[in-house]
1. Can you give me the relative contact order of the range 28-112 as a percent, contacts being Cα pairs under 8 Å and 6 or more apart?
2. Given charges of +1 on the Cβ of Lys and Arg and -1 on the Cβ of Asp and Glu, with all other atoms neutral, how large is the dipole of the range 34-144 about its Cα centre, in debye to the nearest 20?
3. If you wrap a convex hull around the Cα atoms of the range 20-87, how much volume per residue is inside, in Å³?
4. Hey, any idea what % of the range 26-89's accessible area is carbon plus sulfur with a 1.4 Å probe?
5. Return P(r) of the range 38-144 (all Cα-Cα pairs; 10 Å bins starting at 0; whole %; ordered from short to long distances).
6. Compare Val141, Val19 by solvent-accessible area with a 1.4 Å probe and give them largest first, with all protein chains kept in place.
7. Can you give me the solvent accessible area of Lys42 with a 1.4 Å probe, rounded to the nearest 10 Å²?
8. Which sequence of Thr96, Thr82 reflects their accessible areas, 1.4 Å probe, from the largest down?
Amino acid sequence: MAIPNTSVKRFIEDVDTRVSVGLNLPLGLDPGSTDGNFRTTKTTVDAIKEDIKLLLMTQKGERLMQPGLGMNIRQFLFEQITEDIQIQIENDIVDTFNTWLPFVELREININKGQQDLNRLGIDIKFNIRNAPTELESVGVILE
């Protein structure tokens, strides 16, 4: 009978803490680092959170050689956030994730218009990685 792996670290990259998985945003120097000059993520989940933030904050057409990467969420910053607009943003997020992050399974999307500052749009996403469906993670982005 097979013995299931119940360890917390499910991904190969997460086993060795000396291995960096991705860059930590915003880019900045890490003076105490022995593996490079920039701050890095050490786990797969942290790298995916950074990828989600980057995907939500990138405008379509902004990335050179990848004009379809990103979303056009900034167009809604000065709009009234109605039920229809929220559904449109959620559908755009789902379509974009299916294209660029197919290994991420979206569980919940919350769109918050800033109460104090009306020119701010917050997006909170709860997700899990398809390889680890029981581990629910969340990430939030504020667009200004």
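1. Result for the range 28-112 is 15 percent.
2. Here the range 34-144 has a charge dipole of around 280 debye.
3. In the range 20-87, the Cα hull volume divided by residue count equals 130 Å³.
4. The computed percentage sits at 54.
5. Bin by bin from 0 Å, the calculated values are 14, 46, 33, 8, 0.
6. Val19, Val141
7. 70 Å²
8. Final ranking, largest accessible area leading: Thr82, Thr96.
The values are calculated or read from the model by the stated rules, or taken from the named source; none is laboratory data. Since this is a predicted model, take the numbers as computed values, not measurements. For neighbour counting, all protein chains shown are included, and Cβ atoms are generated from backbone atoms with ideal geometry for every residue, glycine included. Accessible surface is based on the protein model in full, side chains and every heavy atom, while ligands, DNA and RNA are left aside. Shrake-Rupley method; radii C 1.70, N 1.55, O 1.52, S 1.80 Å.
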